[in-house]
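Below you'll find the structure, written out as structure tokens, and then a few comments.
Just so you know, all these numbers are worked out from the coordinates, no wet-lab data involved. These numbers come from a predicted model, not from an experiment. Heads up, the Cβs are rebuilt from the backbone with ideal geometry, glycines too, and the neighbour counts pull from every protein chain shown.
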Amino acid sequence: MAVNLDPKPGRWILPLVILGMIAFTYFFVRELPEASPNTTLAGATTTTTIDFTTTTVDNGAHDPAVQAYLDAIDEMNAQLKLLETEMISVNDGFDSDPRTIEYSATETRIEKVATDTTALSSQFDALTAPEGLEINHDLLTTAIHLAVVGADDALTGLRSTDTGEIRRSAVEAYALLVADFNTEVTNAHNAADDL
């Protein structure tokens with residue numbers, strides 16, 4: 001009879017699932033036209049290159065419903081960035097040697113990040129995408145829902161008996177998903193300018 005040397009053979013599945021979700025999101029977003037930093041428009045005899053590397057600039061000409069939507073996702077984006085900062089700060093403090101944040105405080109603070117991320121996701125779900133921004137809205141939905149998973153996984157990893165790999169992977173995934181949300185907010189602004 002074969003002896004299983006690893007008492008927890010499934011402990012690597014969660015990090016692999018998280019990495020798979022991140023990779024899928026990354027490659028999916030890269031295939032979208034908005035993911036290209038330069039768009040080339042060909043004329044009869046000339047080629048014009050438009051650089052979209054700058055951050056969001058609103059020209060004030062948006063429909064009121066579109067502007068309200070953009071304002072709402074901007075506010076959520078700012079809140080999500082604050083949650084990311086807290087998550088990374090707590091994780092780094094818990095991992096530092098000597099430890100600067102003890103287990104009980106780490107658990108409380110990561111649990112709050114997870115709860116606040118879930119609340120922010122519910123708030124986002126209540127938004128209705130304006131006509132023409134449905135694809136951007138779907139990508140924002142994916143990013144924020146996966147951020148909820150990342151925050152929950154960080155808390156689960158902290159509470160588990162593993163040596164920290166699950167928690168660290170989940171915190172990295174959370175940061176990447178917040179960055180994805182930020183990118184999609186910028187893309188939504190750019191798409192709104194073209195409406």
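Of all residue pairs spaced 6 or more apart or on separate chains, those with beta-carbon atoms under 9 Å, a first member in region 87-110 that is over 11 Å from residue 158 (Cα atoms) and a second member that is β-branched (Val, Ile, Thr) and outside any helix (DSSP H, G or I) are 89/101; 90/101; 92/100; 92/101; 93/100; 93/101; 109/101.
Only residues that are surrounded by fewer than 16 Cβ atoms within 10 Å (Cβ to Cβ) and part of a loop (DSSP other than H, G, I, E, B) were counted across region 79-115, and they come to 6.
Quick check: anything in region 60-78 exposed (fewer than 13 other Cβ atoms within 10 Å of the Cβ), free of Cβ contacts under 8 Å to residues at least 24 places away in the same chain and part of a loop (DSSP other than H, G, I, E, B)? So far as region 60-78 goes, yes, one or more of its residues are exposed (fewer than 13 other Cβ atoms within 10 Å of the Cβ), free of Cβ contacts under 8 Å to residues at least 24 places away in the same chain and part of a loop (DSSP other than H, G, I, E, B). Does residue 161 qualify as being β-branched (Val, Ile, Thr) and either free of Cβ contacts under 8 Å to residues at least 60 places away in the same chain or over 29 Å from residue 133 (Cα atoms) (or both)? The answer is yes for residue 161.
Anything in region 131-159 that is small (Gly, Ala, Ser) and surrounded by fewer than 16 Cβ atoms within 10 Å (Cβ to Cβ)? List them, or say none. Listed by number, the list holds a single entry, 132.
For region 168-185, a residue qualifies if it is closer than 13 Å to residue 110 by Cβ and surrounded by 24 or more Cβ atoms within 10 Å (Cβ to Cβ), and the qualifying residues are 170, 171, 174. Filtered by the rule that a residue be within 14 Å of residue 81 (Cα to Cα) and in contact with an Asp or Glu (Cβ under 6 Å, 6 or more places away or on another chain), region 141-179 gives 143, 175, 178.
Taking region 116-130 as the search range and keeping residues that are surrounded by 16 or more Cβ atoms within 10 Å (Cβ to Cβ) and not hydrophobic (A, V, I, L, M, F, W, C), which one is farthest from residue 168 (Cα to Cα)? Among them, the one singled out is 130. Within region 116-174, the set of residues being part of a loop (DSSP other than H, G, I, E, B), hydroxyl-bearing (Ser, Thr, Tyr) and over 25 Å from residue 63 (Cα atoms) comprises 160, 161, 163.
Among the residues of region 113-145, those identified as closer than 23 Å to residue 176 by Cα and either free of Cβ contacts under 8 Å to residues at least 12 places away in the same chain or of a type in the set (Ser, Thr, Tyr) (or both) are 115, 117, 118, 119, 121, 122, 134, 138, 141, 142. Checked against (1) more than 18 Å from residue 86 (Cα to Cα); (2) in contact with a helix residue (DSSP H, G or I) (Cβ under 9 Å, 6 or more places away or on another chain); (3) assigned to a helix (DSSP H, G or I), residue 195 passes all but condition (3).
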